[in-house]
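In what follows, a single structure is set out as structure tokens and then discussed.
Rule-based calculations on the coordinates, nothing more; no lab input. Predicted, not measured: the structure shown is a model, and the values here were computed from it. Cβ atoms come from the backbone with ideal geometry, glycine included; neighbour counts cover every protein chain shown.
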């Protein structure tokens, strides 16, 4: 039976370092949030927030809803909007604050959105710090886990614009931290807080309900001496009812028929109707036919090499201790926590592989497993540190591995600075020519913003006609970050009569023939070409 536990006491002086870390991280976000372009999804995501917020206003303040809708382009009805079953709570907050704090123009609105995404990311980084501090009983190891998350190039870039995967990862991590906070001293208040955190994560992606599984296990396993059966049943019912109530409250699409619609949204996870293709090992493959190794390969390619290797060491060390102790280790709190973390890390990937769920654009749909990977990476570092500071024969090898990991982390920071603001095309070890040939590059489409800015600065024509390689959404979305007067000069023209041709090489890894035009501008990130502009006349 579980008994209440508490974190070790930390001196005020020692807490200054984490506080300084998070303060600097927030300041960095304030400094950089205007540097990034617009992704494919941002306009649709914002519309999802408007649709849901409009539904709330129609129910609670119909006169205000009518007046607010008059200042916007027509807002679809929530039942007619195809993405209404996407959790909208974050986008509702963005839409509401955008209405209050901006002048109605898209440019300040989306800059505000980028800042809010990053602030949510910082909350997730703090959640990982808390989990690491709890697991390792030392704030320094918790801070190392947080540092590894920040020094993850793709995650850092997407922390400014990915309002679905990064926001869900952050809220899911906060919910796990809330579970550990509840585990320390179970009480009705802490159950209510965890319920709200679980509901918020669910209102981004339905997978947030996965937090309920370990939560119920914790509540049901409380010591019978301190928490009688009636008390445990009361806490369980309170958690379940509050979680569902808050989740439904924050997801207006569920208001009409909550449970059937929630189940339908959960069922849709594995069969999302996206009919695109992915460039994978040099071949365009339908997202419904991706091989089982798609996610593991993308994880290895897009995280610093040391992180998954250290995580593998941390996992294997725990398994070794389990077998050496003949199962006794499994009864310790550390082993039980590691078991849950292993399920957090491996479970979603196995589900995707076994059910052949639809995924695309790398492994972003399972980003929420990354904090668990980093927790095991920290365990790997701790194991190497213990070996390196012992008198065992392997200490020199362990010290060399630690030094190599530290050097790669330093190199990763250098690469992040050098690639800014295009860390979203980071590949850990692939040479640029090979990455261009085998895998998708800037599938978010952020490079079109600097491309448009260059074009506007080098061509003074009042109207610039542009043809796109593929769909025009990246062109339109990134034009929204331009000043209105410059935005008005951009004209999309879907044929060869356009003066300029722009491509981001998402589905076209090959070079273009001279018939497309003369290449007048190209953009590279760490040697990878992510944008070209061709002029025809």
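Tell me the relative contact order for the chain as a rounded percent, counting alpha carbon contacts under 8 Å between residues six or more apart.
16
Of the peptides 362-374, 251-263, how do they stack up when ordered by the mean number of other Cβ atoms within 10 Å, highest first?
Per-residue mean Cβ counts within 10 Å order the peptides as 362-374, 251-263.
Which value results for Rg/Rh of the stretch 164-212 when Rg is the Cα radius of gyration and Rh the Kirkwood radius based on the inverse mean 1/r?
When Rh is taken as the Kirkwood radius, the ratio is 0.98.
What translational diffusion coefficient, in µm²/s and rounded to a whole number, does the Stokes-Einstein relation yield for the chain at 4 °C and a viscosity of 1.567 mPa s, taking the hydrodynamic radius as the Kirkwood radius over Cα pairs?
52
If you fit an axis through the alpha-carbon atoms of helix 89-101 and take the longest principal axis of the Cα set of the chain, what angle between them do you get, 0 to 90°, nearest 10?
The two axes meet at around 60 degrees.
How large, in Å, is the stretch 293-379 by the Kirkwood hydrodynamic radius built from its alpha-carbon pairs?
13.8
Looking at the stretch 447-535, what % of its DSSP beta bridges pair antiparallel, to the nearest 5?
Looking only at bridges with both residues in the stretch 447-535, the antiparallel portion is about 65 percent.
Taking a temperature of 20 °C and a viscosity of 1.002 mPa s, what whole-number D in µm²/s does Stokes-Einstein yield for the stretch 342-455 with Rh from Kirkwood over alpha carbon pairs?
It diffuses with D of about 122 µm²/s by this estimate.
Go through 199-210, 225-236, 117-128 and give me the packing order, highest mean Cβ count within 10 Å leading.
Put in order of decreasing packing, that is 199-210, 117-128, 225-236.
Taking 2.2 N^0.38 Å as the expected size of a compact globular protein, what ratio does the Cα radius of gyration of the stretch 460-537 give against it, to two decimals?
1.09
Relative contact order for the stretch 386-537: what is it in percent, counting Cα pairs under 8 Å that are at least 6 residues apart?
In percent, rounded to a whole number, it is 24.
Given contacts defined as C-alpha pairs under 8 Å and at least six residues apart, what's the relative contact order of the stretch 447-535, whole-number percent?
For the stretch 447-535, the relative contact order is 32 percent.
Given the chain, what percent of its DSSP beta bridges are antiparallel, to the nearest 5?
Here the share of antiparallel DSSP bridges comes out near 70 percent.
For a test of the definition: using alpha carbon positions, the gyration tensor, and the 1.5 limit on a/c, classify the stretch 107-196 as rounded, prolate or oblate.
Oblate is the answer for the stretch 107-196, as a/c is 1.5 or above yet b/c matches or exceeds a/b.
What ranking do 455-465, 399-409, 417-427 get when scored by the average of other Cβ atoms within 10 Å per residue, highest first?
Peptide ranking by packing, descending: 417-427, 399-409, 455-465.
Mind giving me the FRET efficiency for residue 459 and residue 420? R0 is 25 Å, r the Cβ-Cβ distance, nearest 0.05 is fine.
It comes out at approximately 0.45.
Summing -39500 (n - 2.57) over the DSSP H runs of n ≥ 4 in the chain and dividing by its residue number, what mean residue ellipticity at 222 nm do you reach, to the nearest 500 deg cm²/dmol?
About -19000 deg cm²/dmol.
Kindly express, to the nearest 10 degrees and within the range 0 to 90, the angle between helix 12-32's C-alpha long axis and the longest C-alpha principal axis of the chain.
10
If you fit an axis through the alpha-carbon atoms of helix 333-355 and take the longest principal axis of the Cα set of the chain, what angle between them do you get, 0 to 90°, nearest 10?
Once rounded, the angle reads 40 degrees.
Determine the distance separating the Cα centre of the stretch 89-162 from the Cα centre of the stretch 476-519; give it in Å without decimals.
Their Cα centres are 31 Å away from one another.
Using 0.36 nm per residue of separation minus the Cα-Cα distance, give me the extension gain between residue 409 and residue 385 in nm, one decimal.
Using 0.36 nm per residue and subtracting the Cα-Cα distance, I get 7.0 nm.
Expressed in whole Å with the largest first, what are the equivalent ellipsoid semi-axes of the stretch 150-190 derived from the C-alpha gyration tensor as the square root of 5 times each eigenvalue?
So the three semi-axes of the stretch 150-190 are 28, 11, 5 Å.
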